[in-house]
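Engineer: So that we are looking at the same thing, I have put the structure below in structure tokens.
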Amino acid sequence: MTSLAVSALLCVALALLPSPSGSVAVMSVDLGSEWMKIAIVKPGVPMEIALNRESRRKTPIAVCLKETERLFGDSALGVSVKTPKLVYRHLQSLLGKKHSNQQVALYQKRFPEHQLLEDPSRGTPYFKYSDDLRYTPEELLGMVLNYSRGLAQDFAEQPIKDAVITVPAFFNQAERRAVLKTASMAGLKVLQLINDNTAVAVNYGVFRRKDIDATPKNVMFYDMGSGSTTATIVTYQTVKTKEMGVQPQLQVRGVGFDRGLGGFEMDLRLRDHLAKLFNQQKKSQKDVRENHRAMAKLLKEAQRLKMVLSANAEFTAQVEGLMDDIDFKARVSRADFETLCADLFERVSRPVQDALATAEMTPESIEQVILVGGSTRVPKVQEVLLKAVNKEELGKNINADEAAAMGAVYQAAALSKAFKVKPFLVRDATVYPIQVEFTRETEEDGAKTLKHNKRILFQRMAPYPQRKVITFNRYTDDFAFEINYGDLAFLGEEDLGAFGSLNLTTVRLSAVGSSFLKHADAESKGIKAHFNMDDSGVLLLDRVESVFETIVEEKEEESTLTKLGNTISNLFGGGSSEPSLNLTEFAQEEEEVPPEAGKEDEKEEEEEKKEEEEEQEQPKEEEEAAPKEAAAEEAEPAEAEKAPGEEAAPEASDSDGGKADAQEEEKSGNAEEEKEAEKKEQKPQKKTKISEEITVELLANDIFDPTAEDILASTKKLQDLTNRDLAKHEREKTLNTLEAFIFETQDKLYQEEYQLAVAEEEKEKMEAKLRAASEWLDEEGYAAATKELREKLSELKSLCKALFFRVEERRKWPDRLAALDSMLNTSSYFLRSARMIPEDDQIFSEVELKTLEKVINDTTTWKNETVAAQEKRSPTERPVLLSKELEAKLGLLDREVNYLLNKAKFAKPKPKPKAKNATASDKTAKNAAGEEKVIPPNATDPAAEEEEAAAKDSGEAPPTEATAEGDVESASQSQSTDETPTESPEANHIEDEL
């Protein structure tokens, strides 16, 4: 392979490697109503909770909007006590809601400091910040998600875009779409929206995959958070898949929930109780409930009080300067708290009952109940729950706060292409049934009437992701149908009020009639609508197509023997058709066609038939829940299709019990022969499907999604705020740097090493400039722009650059000079040792030794002259002895010595010389009488041993054998070209001494 080819191959290989700066990390956000937890996965860091800037593992979902900055998390909550109007939180309950929804009214009641208005185009609520500025709940939550992304990137130390976000299981289609739009505003690519309890179940199962086997195990996860409560029943077992074999799987079997039952409602009731106690103390004539700031302080104290009462029977609540500089203090017991929330505790068991009813299970079939969510730590909640599930104890063996985030980030790693994780199958379930509704004209008793039809698309608790197809068989022109929620009788009045619209989308189809006109000769197979419930639980209409079936003549494919015969005939017969037929017939007569030769075509036909049968049966399976009358109507065309085939079938000829005479047998025989001849004459036919795309128009009936222009405008608004925050951060950083430089430099001018290197005139000039800059900071600097601050800093650094250089050089001299002296001594010793090697064993050439000697001499001369010149210069002048030159001389010496050391390390010992007339197998020697004697291989010559012993006694070197000149050259060549040389004893000796 040429060097160019190798270089090209190397470039391709490098292009396939992941870039070091590329983003491979993924994240998850457990998006609760009050808190969020962030987790990341990156190479070397598997499944870790990302800490926020306060080094906490969870962050409040709160954003504070000031005129010049934004604050998030704990910083925003700190402002909420002083200025609650500027802080927005609990935004999850407003997603996917119209302004008329009761959830919006409840939010307005809980946070009266905010002004919620209705968007005239979408009908959704928005916050009025000022006369010319407003924010939607999606935009505010997008700011929070963008902040979470920043925290994850800081923790992972690399950019992140891919994320899995948790949502409550009871979120409907509008709410899920709102979360996806919110994430897109924040610049996040959502790999999946996963239900929070499903994420917890993933985390629970992944770490217990060894305990999962073919026997189903049912576990209930009871999650009471800040805003809602959900009970989810999950079944764990191993299943066999085609792609991955036997793998563990979790399947959601039942879900029960209560949208309004959560810890925040308990906090609000405690807050109102504390406000009532303060009013009863009559320390102020004003009602504390009308003071937003005072109520924010009481809410913060109520949250702390609830936590303390979980471990203590009673506690004293106190707030300094609650209102009009009046302090508040009151004693509250756990019994008081349980009385205030008595109706809430009664609702604790309802999600459990609903989940059991949905899964068609009993409490005895549940092996374990796992607690999730911070509000499950309330003792009364656990007491009521134990009775509801009929268990001796509740499971507390997972992290109630972080389990959802950890399960979601495992799912993110599984969905990402950058990581390979052990498969863990997840089958979630739809909480709300979805159906298709359409109206069609029918004729009964000669009168045309409109009949409303319903088809169940996804039943309640149907698993997803899943695809479905609905076929409309009776339409030949443009029509419309609706996608709505199914029967929601299992929801209470309060849940229905918070649910919103029961109608999802109206689908209008056009170009249906034109497709029938275009394919008038073909048989219609109906209008097929393809639906997809994706991983996020969002329903999508992929496409609508008009399907036709036509019969075309199929060309007979030549068999293998026919092709072989044609080839031979072309070779010998000049390509005429007659010889090929003869050869084919001859081959068929003489040879038996192997069974495998004609099976490929049969397999293809069988597969096509199976596909046709599946497509015909699929709508029937999907519409099995439809009314029987409608099913009968749909089945009529299918029955009509069978009629021609039945008429063409021959009638039985043996109906008389086998008593036919010879003439009838001859007739029947002739008829059979005629039919066989007709079959041979008929050409094979094949059914072909034709699909025509139908134009689809979707009209939302629940919540209008923001348009592309709206999303672009919101994204720009959020990016402008982010840029403003970054600019503010950069200005503060530059201001702090300038201020620190002034103070540090003023202090350095009084240090001994700086006073030695600075002239008096230069020192006075620097002090004056630093003093002026300090005064400017006190008077104007804190209002100056970032550019002006940078210019000021650059001016001061230029003024002090020469002084700092002189001081820095003097600091480096001792270490650099000591290292150079040490290297000179080592190199000189190495040179002397190398020259002492005997000439016959010398491994270094004279040129190499002279080169090292020259470098040593030149470096010594340079060092002595430069050090002498530096000693004559004043410390306030620019030095001539520079640290970078010392490092260069040190590096040059080091390279020369290392080169020779490596040569010595890998040098091959010289072979012993051979006699001129010696052979490869035998050696000859002469005895004292002059006679030659043969010395066998690997044997020693006694005369040579005597000579060597005599030489040792006299102290002389042993005699060497004479060799031919060519032998010496070949030995030296082998020494220089050998790729795997052995180490030389002399080289090791030199290296050990060094």
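Derivation of every value follows stated rules applied to the coordinates shown; laboratory data play no part. Everything quoted here is computed from the prediction, not taken from an experiment. Reconstructed Cβ throughout: ideal geometry from the backbone, glycine too, with neighbour counts over all protein chains shown.
Engineer: Can you compute the charge dipole magnitude of region 469-540 about its Cα centre, using +1 on each Lys and Arg Cβ and -1 on each Asp and Glu Cβ, nothing else charged? Give it in debye, rounded to the nearest 20.
Structural biologist: 500
Engineer: Does region 811-904 come out rounded, prolate or oblate by the C-alpha gyration tensor, with a ≥ b ≥ c the root eigenvalues, rounded set by a/c under 1.5 and, if not, prolate when a/b is larger than b/c and oblate if not?
Structural biologist: prolate
Engineer: List the residues, sorted by chain then number, that are 5 or more residues from Gly486 or on another chain and whose placed amide H is less than 5 Å from its amide H.
Structural biologist: Counting only residues 5 or more places away or on other chains, the set is Ile434, Gln435.
Engineer: State to the nearest 20 debye the size of the charge dipole of region 127-226 about its Cα centre, where the only charges are +1 on K and R beta carbons and -1 on D and E beta carbons.
Structural biologist: 320
Engineer: Right, something else. Sorted by average packing, counted as other Cβ atoms within 10 angstrom per residue and highest first, what order do 777-784, 44-51, 252-259 take?
Structural biologist: The most tightly packed comes first, giving 252-259, 44-51, 777-784.
Engineer: Something else about it: Take Glu338, Glu775 and order them by how many other Cβ atoms sit within 10 Å, fewest up front.
Structural biologist: Placing the least packed residue first, the sequence is Glu775, Glu338.
Engineer: Let me ask another. With 17 Å as the cut-off, how large is the P(r) tail for region 444-552, expressed as percent of Cα-Cα pairs?
Structural biologist: 65
Engineer: How do Lys283, Lys58, Lys66 rank when sorted from fewest to most other Cβ atoms within 10 Å of their own Cβ?
Structural biologist: Ranked by crowding around the Cβ, least crowded first: Lys66, Lys283, Lys58.
Engineer: Follow-up. With each label point set 7 Å from Cα along the Cα-Cβ vector, what nm distance links Glu808 and Ser774?
Structural biologist: Calculated label separation equals 2.4 nm.
Engineer: While we're looking at this one, here's another question. Give the calculated FRET efficiency between Asn864 and Ala740 to the nearest 0.05, with a Förster radius of 51 Å applied to their Cβ-Cβ distance.
Structural biologist: 0.75
Engineer: Starting from the Cα of Gln353, step 7 Å along the direction of its Cβ; do the same at Asn532; then give the gap between the two resulting points in nm.
Structural biologist: Calculated label separation equals 4.1 nm.
Engineer: Neighbour counts of other C-beta atoms within 10 Å: give me Leu509, Leu457 arranged from fewest to most.
Structural biologist: Exposure proxy ranking, most exposed first: Leu509, Leu457.
Engineer: While we're on this one: For Glu795 and His292, what does the FRET efficiency come to when R0 = 45 Å and r is the distance between their Cβ atoms, rounded to the nearest 0.05?
Structural biologist: 0.40
Engineer: With a Förster radius of 35 Å, plug the Cβ-Cβ distance of Gln459 and Lys242 into 1/(1 + (r/R0)^6) and report the FRET value to the nearest 0.05.
Structural biologist: 0.85
Engineer: With the Cα gyration tensor of region 74-185 giving a ≥ b ≥ c as the square roots of its eigenvalues, does the rule (a/c under 1.5 for rounded; else a/b larger than b/c for prolate; else oblate) give rounded, prolate or oblate?
Structural biologist: In terms of gyration-tensor shape, oblate.
Engineer: Below 15 angstrom from the Cβ of Leu881, what's the summed charge of the other residues (Lys, Arg +1; Asp, Glu -1)?
Structural biologist: Here the charged neighbours net out to +2.
Engineer: Mind listing the phi-derived Karplus ³J(HN,Hα) values for region 867-878, rounded to whole Hz, using 6.51, -1.76 and 1.60 with θ = phi - 60°, and x for any glycine or proline?
Structural biologist: Karplus-based 3J(HN,Hα) across region 867-878 equals 5, 5, 5, 5, 5, 7, 8, 6, x, 7, 8, 5 Hz.
Engineer: Among Ser310, Gln280, Leu270, pick out the residue whose Cα is farthest towards the positive end of the charge dipole of region 264-346, where Lys and Arg carry +1 and Asp and Glu carry -1 on C-beta, about the Cα centre.
Structural biologist: Of Ser310, Gln280, Leu270, it is Gln280.
Engineer: Skipping prolines and chain starts, which residues have an amide H placed within reach, meaning under 5 Å, of the one on Val167, given they are 5 or more residues away or on another chain?
Structural biologist: Ile194, Asn195, Asp196
Engineer: Provide, as a two-decimal number, the C-alpha radius of gyration of region 264-346 over 2.2 N^0.38 Å, N being how many residues it has.
Structural biologist: 1.04
Engineer: Pull out a ≥ b ≥ c, the square roots of the eigenvalues of the alpha-carbon gyration tensor of region 379-457, then state rounded if a/c is under 1.5, prolate if not and a/b is larger than b/c, and oblate in the remaining case.
Structural biologist: Because a/c hits 1.5 or more and a/b fails to exceed b/c, region 379-457 counts as oblate.
Engineer: Just how large is the dipole of region 302-349 about the Cα centre, in debye to the nearest 20, putting +1 at every Lys and Arg Cβ and -1 at every Asp and Glu Cβ?
Structural biologist: 260
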